[in-house]
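Peer 1: I'd like to ask some things about the structure below.
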Amino acid sequence: MRYFTLDGEKLVCHVVKALPAELETMFQSLRTKYTISYYVSDWEDKMTAPGQELNYNNSYGYDREPFRSELVLKNGSLFGFYVGDDFQNPNPRHILSVSNTFIIIEDKNRLSCYQRWELLVEPNPSPSEYVFLAHVCRQNENHQFSKDEFPAKIVEYISDSFFLEDCTGQFGGVFCLTLKLNNKVINDPDYVLEKLSAYHPILVRR
């Protein structure tokens with residue numbers, strides 16, 4: 001577990017076993033108040049990568065609740081969320097703040113690849129009713145998912161599924177799924193995240 005503080009312009013990472021009680025209370029409010037809209041553009045074809053025989057499209061997006069590990073505080077108050085990948089060498093442009101609500105990061109070596117985040121304030125805060133699973137491995141691209149494949153009493157139904165492609169656009173062995181949560185667990189998001197932890201779960205809005 002980690003969270004961040006800003007010391008002037010310096011981003012400081014704090015590694016803890018659990019958030020301090022006052023920060024946990026803050027997070028429980030923030031997780032429904034804010035939505036992070038994320039989109040990744042990741043594709044190649046003969047126009048973007050001539051002569052490399054690449055032809056795939058793994059672009060997708062979702063609207064999700066923040067993570068505890070993204071909290072950025074300044075003077076004890078919420079500054080924003082750290083949405084970059086490398087927290088050991090953070091770049092300030094990766095801080096999605098309440099004053100800088102839109103970030104796009106381009107891959108300078110690939111015209112077709114970028115990541116985009118936007119911070120949204122929820123007009124009617126409520127718990128997430130869906131969960132996105134970013135890493136579900138199956139051997140067959142025609143696999144028909146069932147709610148029975150997941151821990152009992154969590155999933156109401158499979159809302160959406162797609163697989164990630166290899167460099168030639170073929171099935172790569174990994175699916176991404178959106179699951180509608182059972183009404184009994186919607187108000188216990190941490191239970192959902194724990195039970196589905198093997199699939200890198202992300203609570204999302206619809």
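Peer 1: Any chance you could run the full-extension gain for E24 through T48? It's 0.36 nm times the residue separation minus the Cα-Cα distance, nm to one decimal.
Peer 2: Values: separation 24, 0.36 × 24 = 8.64 nm, distance 4.50 nm.
Contour length minus the Cα-Cα distance gives 4.1 nm.
Peer 1: So, one more: Let me understand region 72-166 better: what is its radius of gyration from the alpha carbons, and its Dmax, in angstrom?
Peer 2: Reported Rg and Dmax, both Å: 18.2, 52.
Peer 1: Sticking with this structure for a sec: What number does the chain give for Rg over Rh if you use C-alpha atoms and the Kirkwood radius?
Peer 2: Rg/Rh: 0.99.
Peer 1: Taking the Cα centre of each part, how many Å lie between region 14-67 and region 129-158?
Peer 2: Answer, in whole Å: 20.
Peer 1: How large is the Kirkwood hydrodynamic radius of region 1-94, counting all unique pairs of alpha carbons, in Å?
Peer 2: On the way: mean 1/r = 0.0645 Å⁻¹.
The Cα-based Kirkwood calculation yields 15.5 Å.
Peer 1: Going by accessible area, probe 1.4 Å, with all protein chains left in place, what is the ranking of C13, C167, C113, largest first?
Peer 2: Values: C13 45, C167 70, C113 20 Å².
Per-residue accessible area, sorted high to low, gives C167, C13, C113.
Peer 1: While we're on this one: Could you work out how much longer the chain between S146 and F162 gets when fully extended? Use 0.36 nm per residue separation minus the Cα distance between them, nm to one decimal. Working shown, then result.
Peer 2: On the way: separation 16, 0.36 × 16 = 5.76 nm, distance 1.41 nm.
Difference between extended and current length: 4.4 nm.
Peer 1: Right, another one. Please report, as a whole percent, how much of the solvent-accessible surface of the chain comes from carbon and sulfur atoms (probe radius 1.4 Å).
Peer 2: Numbers: 5540 of 11830 Å².
After summing per-atom areas, the C and S share lands at 47 percent.
Peer 1: Mind telling me which of V16, V174, V185 comes out most flexible in a GNM of the chain, alpha-carbon contacts under 10 Å?
Peer 2: V16
Peer 1: Still on this structure: Give the longest segment of the chain that steers clear of GluC sites (Glu not before Pro) in DSSP loops with at most 14 neighbouring Cβ atoms within 10 Å, not counting the sites themselves. Numbers along the way, then the final one.
Peer 2: Working: sites that count: E9, E53, E141.
Answer - 54-140.
Peer 1: Within the chain, how many Lys pairs sit with Cα atoms under 15 Å apart, leaving out pairs fewer than 8 places apart on the same chain?
Peer 2: The result is 9.
Peer 1: Within 10 Å of each candidate Cβ there may be at most 13 other Cβ atoms; applying that plus a DSSP loop requirement, which trypsin sites (Lys or Arg not before Pro) in region 1-67 survive?
Peer 2: For trypsin sites (Lys or Arg not before Pro) across region 1-67 that sit outside H, G, I, E and B with at most 13 neighbouring Cβ atoms in 10 Å, the list reads K17, K46.
Peer 1: Helix-only estimate, please: 222 nm mean residue ellipticity of the chain, summing -39500 (n - 2.57) across DSSP H runs of length 4 or more and dividing by its residues, to the nearest 500.
Peer 2: On the way: 2 runs with 20 residues, N = 206.
-3000 deg cm²/dmol, from helical runs alone.
Peer 1: Okay, moving on. Just to be sure I understand the model, the point goes 7 Å from the Cα along the line to the Cβ. What's the resulting N182 to K153 distance in nm?
Peer 2: So the two model labels end up 0.6 nm from each other.
The values are calculated or read from the model by the stated rules, or taken from the named source; none is laboratory data. This is a predicted model, so every value here is computed, not measured. Don't worry about glycine lacking a Cβ; one is built from the backbone with ideal geometry, like all the others, and counts go over all protein chains shown. Just the protein is used for accessible areas: all its heavy atoms, side chains included, with ligands, DNA and RNA removed. Shrake-Rupley method; radii C 1.70, N 1.55, O 1.52, S 1.80 Å.
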